[in-house]
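Enquirer: Quick one: structure below, then a few questions.
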């Protein structure tokens with residue numbers, strides 16, 4: 001396999017059908033994201049646990065739409081609100097199925113951090129993403145990470161999928177893990193809802209602490225060992241700020257090109 005690398009090399013820029021969408025110049029972080037990073041961690045009680053994920057159905061906003069907290073057990077909770085003029089929720093649903101087949105597509109999302117992506121099942125079709133595992137290599141801050149992202153049905157964590165459909169909304173939900181480890185280490189949700197002139201994405205991350213679960217171990221023994229693993233993997237504000245920054249960068253960047261990408265490559 002060709003050595004993994006950031007960005008597009010000269011050959012890729014000359015031959016890739018996606019090259020004209022690759023822009024290494026990324027916009028500055030939105031003001032509300034900079035403010036959240038400057039303010040630092042908020043009280044963890046302001047940021048619900050994963051069990052409250054379906055509250056995203058409700059109108060209005062959560063107490064903290066952009067910010068982060070560290071729970072007493074060491075779990076990091078992160079929220080990011082991204083405004084997306086001209087973008088529809090359906091475009092994001094398409095994107096999560098489309099980008100996972102090729103690294104060149106994945107790199108469009110965050111040209112300064114995304115390195116590689118592949119579906120664990122080895123397929124390259126556009127049969128969606130729910131029930132599949134995406135293997136990604138990316139930088140979170142300065143740390144290069146190999147991650148496993150297992151997309152799960154929204155209903156499995158409490159969403160009403162018929163209500164999402166009726167409202168024209170999309171909820172992309174996944175279990176996150178470090179590649180090669182027999183444990184899930186966190187959750188992510190990108191809830192996209194239509195608003196006048198486009199959409200808004202409400203991203204949520206729950207990492208480490210109580211969100212860790214060892215795979216293949218059920219019952220009381222599994223719970224005990226998972227709790228032990230959680231105690232050994234407490235997080236601090238550094239990881240939370242890296243996740244907040246990374247998500248804000250990639251979502252704002254891709255939102256700027258997604259309508260044209262969708263128009264060009266949808267159904268191809």
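The values are calculated or read from the model by the stated rules, or taken from the named source; none is laboratory data. Since the model is a prediction, treat every value here as computed from it, not as a measurement. Don't worry about glycine lacking a Cβ; one is built from the backbone with ideal geometry, like all the others, and counts go over all protein chains shown.
Listed here are the residues, each with its yes/no results for (1) at pLDDT 90 or above; (2) in contact with a helix residue (DSSP H, G or I) (Cβ under 7 Å, 6 or more places away or on another chain); (3) surrounded by fewer than 22 Cβ atoms within 10 Å (Cβ to Cβ); (4) in a strand (DSSP E or B).
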site	(1), (2), (3), (4)
188	yes, no, yes, yes
202	yes, yes, yes, yes
205	yes, yes, no, yes
210	no, yes, yes, no
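Enquirer: Out of the residues in region 137-155 meeting the condition of being part of a loop (DSSP other than H, G, I, E, B) and free of Cβ contacts under 8 Å to residues at least 40 places away in the same chain, tell me which one is farthest from residue 51 (Cα to Cα).
Expert: 142
Enquirer: Looking only at region 63-99, filter to residues that are in contact with a strand residue (DSSP E or B) (Cβ under 8 Å, 6 or more places away or on another chain) and without any contact (Cβ under 8 Å) to a residue 60 or more places away in the chain; which one of those is surrounded by the fewest Cβ atoms within 10 Å (Cβ to Cβ)?
Expert: Within region 63-99, the match that is surrounded by the fewest Cβ atoms within 10 Å (Cβ to Cβ) is 64.
Enquirer: Kindly indicate whether residue 168 is free of Cβ contacts under 8 Å to residues at least 60 places away in the same chain, assigned to a loop (DSSP other than H, G, I, E, B), over 13 Å from the mean Cα position of the chain (by Cα) and surrounded by fewer than 14 Cβ atoms within 10 Å (Cβ to Cβ). Break it down stepwise before answering.
Expert: Working: free of Cβ contacts under 8 Å to residues at least 60 places away in the same chain: no; assigned to a loop (DSSP other than H, G, I, E, B): yes; over 13 Å from the mean Cα position of the chain (by Cα): yes; surrounded by fewer than 14 Cβ atoms within 10 Å (Cβ to Cβ): yes.
So residue 168 does not fit the description; no.
Enquirer: Let me ask something else about it. Would a scan of region 39-47 turn up a residue that is surrounded by fewer than 16 Cβ atoms within 10 Å (Cβ to Cβ), over 27 Å from residue 159 (Cβ atoms) and free of Cβ contacts under 8 Å to residues at least 60 places away in the same chain? Before you say what the answer is, go through the steps one by one.
Expert: Just the residues of region 39-47 that are surrounded by fewer than 16 Cβ atoms within 10 Å (Cβ to Cβ), to begin with: 39-40, 43, 45-46.
Checking which are over 27 Å from residue 159 (Cβ atoms) leaves us with 39-40.
Narrowing the set further to residues that are free of Cβ contacts under 8 Å to residues at least 60 places away in the same chain leaves 39.
Taking every residue of region 39-47 in turn, at least one turns out to be surrounded by fewer than 16 Cβ atoms within 10 Å (Cβ to Cβ), over 27 Å from residue 159 (Cβ atoms) and free of Cβ contacts under 8 Å to residues at least 60 places away in the same chain.
Enquirer: Would you confirm whether any residue within region 118-133 is out of contact with any strand residue (DSSP E or B) (no Cβ under 6 Å at 6 or more places or on another chain), over 21 Å from residue 4 (Cβ atoms), in contact (Cβ under 8 Å) with a residue 24 or more places away in the chain and in a helix (DSSP H, G or I)?
Expert: Within region 118-133, not a single residue is out of contact with any strand residue (DSSP E or B) (no Cβ under 6 Å at 6 or more places or on another chain), over 21 Å from residue 4 (Cβ atoms), in contact (Cβ under 8 Å) with a residue 24 or more places away in the chain and in a helix (DSSP H, G or I).
Enquirer: Let me ask something else. Determine which single condition residue 6 fails, assuming it passes every other condition in (1) out of contact with any helix residue (DSSP H, G or I) (no Cβ under 6 Å at 6 or more places or on another chain); (2) over 17 Å from residue 106 (Cβ atoms); (3) touching a residue at least 24 places away in the same chain (Cβ under 8 Å); (4) part of a loop (DSSP other than H, G, I, E, B).
Expert: (2)
Enquirer: If residue 107 passes every condition in (1) part of a strand (DSSP E or B); (2) out of contact with any helix residue (DSSP H, G or I) (no Cβ under 8 Å at 6 or more places or on another chain) but one, which one does it miss?
Expert: Looking at each condition in turn, residue 107 falls short on (1).
Enquirer: What are the residues in region 53-70 that are outside any loop (DSSP other than H, G, I, E, B) and either at positive phi or within 18 Å of the chain's Cα centre (by Cα) (or both), if any? Even if it seems obvious, please write down each step before you answer.
Expert: Filtering region 53-70 down to residues outside any loop (DSSP other than H, G, I, E, B) leaves 53-57, 67-70.
If the condition is that a residue be outside any loop (DSSP other than H, G, I, E, B) and either at positive phi or within 18 Å of the chain's Cα centre (by Cα) (or both), then 53, 54, 56, 67, 68, 69 are the ones that fit.
Enquirer: If residue 50 meets every condition in (1) over 24 Å from residue 192 (Cα atoms); (2) crowded, with 16+ Cβ neighbours inside 10 Å apart from one, which number is that one?
Expert: (1)
Enquirer: Is it fair to say residue 36 is under 21 Å from the mean Cα position of the chain (by Cα), buried (at least 18 other Cβ atoms within 10 Å of the Cβ) and in a helix (DSSP H, G or I)?
Expert: yes
Enquirer: Which residues, counting only those in region 1-11, are under 26 Å from the mean Cα position of the chain (by Cα) and either surrounded by 12 or more Cβ atoms within 10 Å (Cβ to Cβ) or farther than 17 Å from residue 115 by Cβ (or both)?
Expert: Result: 5, 6, 7, 8.
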